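What follows is a set of notes on a single structure, which appears directly below.
The values are calculated or read from the model by the stated rules, or taken from the named source; none is laboratory data. Because the structure is predicted, anything quoted here is derived from the model rather than measured. So basically every Cβ, Gly included, is an ideal-geometry build from the backbone, and we count neighbours across all protein chains shown.
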Amino acid sequence: MNHLSINIKGSLHHFHKPWVMGILNVTPDSFFAESRTIETDDIRRRIDDLISQGADIIDIGGYSSRSGAPEVSTDEEYSRLARGLEAIRKYHPDTLISVDTFRADVARRCVSDWEADIINDISGGNLDAEMWPTVAELQVPYILMHMRGTPSSMQSLCDYNDVTADVIRDLAFKIDAMHQLGIADIIVDPGFGFAKDINQNYQLMAELDQFKQLNAPLLVGISRKSMIYRPLDITPQTAINGTTVLNTFALLHGANILRVHDVKEAVEAVKIIDLIKQNTP
């Protein structure tokens with residue numbers, strides 16, 4: 001089997017088994033309230049929990065992408081991120097860090113000041129024309145997510161001929177453009193919940209195997225999202241079971257990274273699926 005890999009600071013990281021990416025929100029307004037951390041003690045406690053539960057990487061965000069979230073200045077976003085990055089580098093210095101930002105300046109500062117390992121851009125380069133050239137210059141891996149519009153406009157932009165084919169086509173076009181800029185290490189994210197309605201999200205999940213044709217590591221981020229809690233008529237707070245069901249399906253159909261609020265449950269899913277695969281005749 002040809003295992004995918006990414007180069008992080010000169011070291012090749014293989015996806016022999018899927019990674020669990022733990023979410024660290026240093027924001028006051030993320031959609032899942034229990035994930036919000038603002039005070040230094042809360043941030044450190046959350047980081048300790050993610051690491052102790054088995055996170056392979058921490059994804060830190062300082063700007064909520066939920067629809068209707070207020071604008072945050074570049075300096076405020078960086079200030080929030082710096083609090084979390086400082087805590088990670090102080091108490092868990094070897095931990096891999098992904099920074100969730102669509103701003104090139106914020107990405108640059110996080111890499112130069114805190115040695116962030118990966119840039120996770122929900123806009124796929126659409127919201128800052130300098131993002132791709134900056135990533136090419138920094139030579140860090142990049143998570144390329146599919147989205148249309150902005151977080152405030154995206155749910156009015158769900159018109160597709162075939163959502164899976166259209167998303168793959170858009171990602172393939174961008175991968176080619178990024179390769180031409182000298183960006184070699186790209187992780188793809190279908191962008192569940194971003195400019196997709198409920199049925200489109202589930203079509204993407206049902207056809208997840210098709211993303212293998214991109215020949216890039218695949219990140220799936222569905223943790224406690226509305227595609228789970230709305231059909232079940234529950235809340236984000238009670239959506240852990242649905243999250244685990246979808247994460248398990250994703251693992252069986254090519255996911256290399258699970259981006260989650262609940263690391264322990266995701267790690268258990270990875271272990272169980274690995275046992276199944278090991279014992280498949």
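Let me spell it out: the conditions are (1) in contact with an Asp or Glu (Cβ under 9 Å, 6 or more places away or on another chain); (2) closer than 24 Å to G22 by Cβ, and Q203 meets all of them except one. Which number is the exception?
(2)
What is the residue count in region 117-128 for residues that are touching a residue at least 40 places away in the same chain (Cβ under 8 Å) and either of a type in the set (G, A, S) or closer than 22 Å to K196 by Cβ (or both)?
Number satisfying all stated conditions: 4.
Quick check on my filter: what residues within region 194-211 are among the hydrophobic types (A, V, I, L, M, F, W, C), within 18 Å of A255 (Cβ to Cβ), in contact (Cβ under 8 Å) with a residue 12 or more places away in the chain and not in a loop (DSSP other than H, G, I, E, B)?
Of everything in region 194-211, those that are among the hydrophobic types (A, V, I, L, M, F, W, C), within 18 Å of A255 (Cβ to Cβ), in contact (Cβ under 8 Å) with a residue 12 or more places away in the chain and not in a loop (DSSP other than H, G, I, E, B) turn out to be L204, M205, L208, F211.
Could you check region 128-149 and list, in sequence order, the residues that are assigned to a loop (DSSP other than H, G, I, E, B), at pLDDT 95 or above and closer than 15 Å to D170 by Cβ?
If the condition is that a residue be assigned to a loop (DSSP other than H, G, I, E, B), at pLDDT 95 or above and closer than 15 Å to D170 by Cβ, then H146 is the only one that fits.
Among D29, D41, D59, which is touching a Ser or Thr at 6+ places or on another chain (Cβ under 6 Å) and modelled with pLDDT under 95?
Exactly one of D29, D41, D59 is touching a Ser or Thr at 6+ places or on another chain (Cβ under 6 Å) and modelled with pLDDT under 95, namely D29.
With the condition kept exactly as written, say whether any residue in region 222-237 is crowded, with 22+ Cβ neighbours inside 10 Å, on the phi > 0 side of the Ramachandran plot and within 20 Å of the chain's Cα centre (by Cα).
Scanning region 222-237, I find at least one residue that is crowded, with 22+ Cβ neighbours inside 10 Å, on the phi > 0 side of the Ramachandran plot and within 20 Å of the chain's Cα centre (by Cα), so the answer is yes.
Quick grid of which residues meet (1) hydrophobic (A, V, I, L, M, F, W, C); (2) touching a Phe, Trp or Tyr at 6+ places or on another chain (Cβ under 7 Å):
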{"residue": "P190", "(1), (2)": "no, yes"}
{"residue": "M205", "(1), (2)": "yes, yes"}
{"residue": "A216", "(1), (2)": "yes, no"}
{"residue": "R224", "(1), (2)": "no, yes"}
{"residue": "I234", "(1), (2)": "yes, no"}
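Between residues in region 78-105 that are in contact (Cβ under 8 Å) with a residue 60 or more places away in the chain and residues that are part of a loop (DSSP other than H, G, I, E, B) and crowded, with 22+ Cβ neighbours inside 10 Å, which pairs lie under 6 Å by C-beta distance while being six or more apart or on different chains?
G84/V26
Just to be sure before I move on: is D94 modelled with pLDDT of 95 or more, surrounded by fewer than 22 Cβ atoms within 10 Å (Cβ to Cβ), more than 27 Å from E130 (Cα to Cα) and not small (G, A, S) in the structure I sent?
In short, yes.
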